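This report concerns only the one structure given below.
Since every read-out is calculated from the coordinates, none of them should be taken as a lab result. Quantities reported herein were computed from a predicted structural model and do not represent experimental measurements. Cβ placement follows ideal geometry from the backbone for every residue including glycine, while neighbour counts extend to all protein chains displayed.
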Amino acid sequence: MTTVVDIAASERVTAYTERFREFLDNDVARLGEELAGREAGTPSQPRFDEQGRMHPAVWEARREVQRRAGGAGLYAPHAGVEVGGGGFGLVEMHHVEEFVYRHSGLGLGLAALGWTEGPNPAIEHCSGAMRERYLTPLVKGEITAAFCNTELGVGSDVLRMATHAVRDGGDWVINGTKGWITNSHFADVLQVVAVTEPGAGTRSLSMFLVDADAPGVTRGPDLPTTLADGLTGTLEFAGVRVPAENVVGEIGDGFALAMSWINWRRLCRGGMCAGWGAWLLERSVDYARRRQSGGKPIAEQQVIQHMLANMHADIYQARATSLVAQAELDGLGPYGRPLHPDAPRLISLVKVINDEAFFRVADTAVQVRGAVGLIQDSPEEKLFRVARNLRIPAGTTEIQRNAIARGLLRGRAA
Ligand SMILES: Cc1cc2nc3c(=O)[nH]c(=O)nc-3n(C[C@H](O)[C@H](O)[C@H](O)COP(=O)(O)OP(=O)(O)OC[C@H]3O[C@@H](n4cnc5c(N)ncnc54)[C@H](O)[C@@H]3O)c2cc1C
């Protein structure tokens, strides 16, 4: 058994969250007020442009938050120190994310911490030229990225993707279509995963950095999901030519790099679900105390008390799982290539336990409110939809259980 070291928030996490709180109270609050005057919707329920994409004013408000957060050194605590990030470990990032989600709720503040559009463990392996062109601006919040792995025909079965890249002189030429890509409408740089050596298994894929304005790249229509955020779409690559310096890592590293991006998103579930869970529980306790039925607050009904207790139990155990697993992973090297053989099981435990616990929490938060919980884009209704979504992207709950079982059975002959 791995020894669990420390799950407490470090001093630099405390310093970070104090600065983040000030940033929320000042910059984010002001930008939020300006956005409210634009009749463009809210950060969690934007209006859309004629193509179904997030309203430009909401996108621009988020971008301004990102740029300012980048300037204040708040945007990329998870990125390595050597690329200009904070160099925080996984336990530290759990605490940071828990704070950010708990105190931002569904507001603009969420944009202040690098999310799928930001710097990530995969792109940190880019060449020196790409570092200057894309990675440094990403860490500063000056540009945004999209991770282009999934295709409409292939999700979980990633090694069967059709998008491919062929060598032509010193360049690579990419052809294919990616689907369900977050930030496809707006990204400046695309992290495209493509087949470079068919039949080579986990060495068959490579990752390329592609300028979103490059000839041959077409941004497709929005794919409206239950999130209703106008951020997800398709991207077509028709003979897109990139030089060899745009390869991330080495040719054949694509699967491992894609997994490092995906594992990063899986691990972020811990702090996210703990933070939003705590926010929903506070709101539920408050509502149960105020809402009267039969001449007394519903909080006096044992059935409501049990709902609150169940929410707390789910949040507590999912949070504990995240902190303990992330402490173990801090010791293993979470994004190593090759990944430590114990890492996938632990990463998938964090995702599946948090996704499923948070779904129950969000469902109960709606139930505590009755009809009020169903009002469109109220925090409870929106987070119920978000919670339903969480069980699919970055690997479905079934794929997580596959990884957990593989970890358990590894090295044990029947
Ligand atoms: C809102 C949203 C944002 C997304 N953002 C991105 C993004 O930015 N970049 C990106 O590349 N992708 C993105 N995705 C895609 C996402 O990662 C995939 O949807 C996900 O991996 C599942 O793939 P699929 O939808 O093709 O489902 P499928 O793989 O077709 O799965 C269908 C069902 O079969 C089950 N199943 C499939 N294979 C197995 C198996 N081997 N064992 C057991 N059960 C199995 C699944 O669990 C599921 O229940 C996003 C998706 C959504 C909804």
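Observations
- Going by neighbour counts of Cβ atoms within 10 Å, the residues 140, 351, 178 line up, fewest first, as 140, 178, 351.
- Seen from residue 299, the other residues with C-beta closer than 12 Å to its C-beta sum to a net charge of +2, counting Lys and Arg as +1 and Asp and Glu as -1.
- Considering all C-alpha pairs of the chain, those separated by over 41 Å amount to 13%.
- At the listed q of 0.11, 0.12, 0.18, 0.23 Å⁻¹, the Debye profile of segment 1-100, built from one uniform point per Cα, gives log10 I(q)/I(0) equal to -0.45, -0.52, -0.91, -1.15.
- Calculated FRET efficiency for the pair residue 50/residue 245, C-beta based, R₀ 25 Å, to 0.05: 0.10
- Residue 211-residue 303 FRET efficiency (beta carbon distance; Förster radius 41 Å; 0.05 resolution): 0.15
- Projected label distance in nm at residue 332 and residue 310, using a 7 Å step from Cα toward the beta-carbon: 3.2 nm
- Inter-label distance for residue 296 and residue 377, nm, one decimal - labels placed 7 Å from Cα along Cα-to-Cβ: 3.9 nm
- Spatial extent of segment 120-200: Rg and Dmax, with the Cα atoms as the point set, Å: 13.7, 39
- Percent of C-alpha pairs per 10 Å bin, segment 97-138, short to long: 27, 38, 25, 10
- Taking amide H positions as modeled 1.01 Å from N, with prolines and chain starts lacking one, the residues under 5 Å from residue 249 and 5 or more places away or on another chain are 126, 127.
- Based on the Kirkwood approach, the hydrodynamic radius assigned to segment 159-304 is 18.3 Å, with every pair of different Cα atoms included.
- Ordered by the number of other Cβ atoms lying within 10 Å of each residue's own Cβ, fewest first, 287, 316, 101 fall into the sequence 316, 287, 101.
- Taking the chain and dividing mean pair separation by its residue count, relative contact order in percent (alpha carbons under 8 Å, at least six apart): 15 percent
- Distance between segment 206-248 and segment 374-414 - C-alpha centres, whole angstrom: 25 Å
- Potential extension, residue 197-residue 67 segment - 0.36 nm per residue separation minus Cα distance: 42.9 nm
- Residue order, fewest to most beta carbons within 10 Å, for 204, 322: 204, 322
- Relative contact order (percent, whole number), segment 145-248, Cα cutoff 8 Å, 6+ residue spacing: 31 percent
- Summed residue charge, Cβ within 11 Å of residue 141's Cβ, Lys/Arg positive, Asp/Glu negative: +2
- If you wrap the tightest convex hull around every Cα atom of segment 255-409 and split its volume per residue, you get 103 Å³.
- The chain - charge dipole about Cα centre, Lys and Arg +1 at Cβ, Asp and Glu -1, debye rounded to 20: 1040 debye
- Only Cα pairs under 8 Å and 6+ residues apart enter the sum, and on that basis the relative contact order of segment 255-409 stands at 30 percent.
- Electrostatic bookkeeping for residue 344 treats Lys and Arg as +1 and Asp and Glu as -1; over the other residues with beta carbon under 11 Å from its beta carbon, the sum is +4.
- Helix-only arithmetic for the chain: the sum of -39500 (n - 2.57) across DSSP H runs with n ≥ 4, divided by the residue total, places the mean residue ellipticity at 222 nm at -14500 deg cm²/dmol.
- Backbone N atoms of segment 62-104 closer than 11 Å to the 7 Å Cα→Cβ label point of residue 136 belong to residues 84.
- Summarising the label geometry, the points placed 7 Å from Cα in the beta-carbon direction at residue 34 and residue 152 lie 3.8 nm from one another.
- The residue among 327, 311, 113 whose Cα reaches farthest toward the positive pole of the charge dipole of the chain, with charges on the beta-carbon of Lys, Arg, Asp and Glu, is 311.
- Relative to the globular-protein estimate of 2.2 N^0.38 Å, the Cα radius of gyration of segment 44-148 stands at 1.10.
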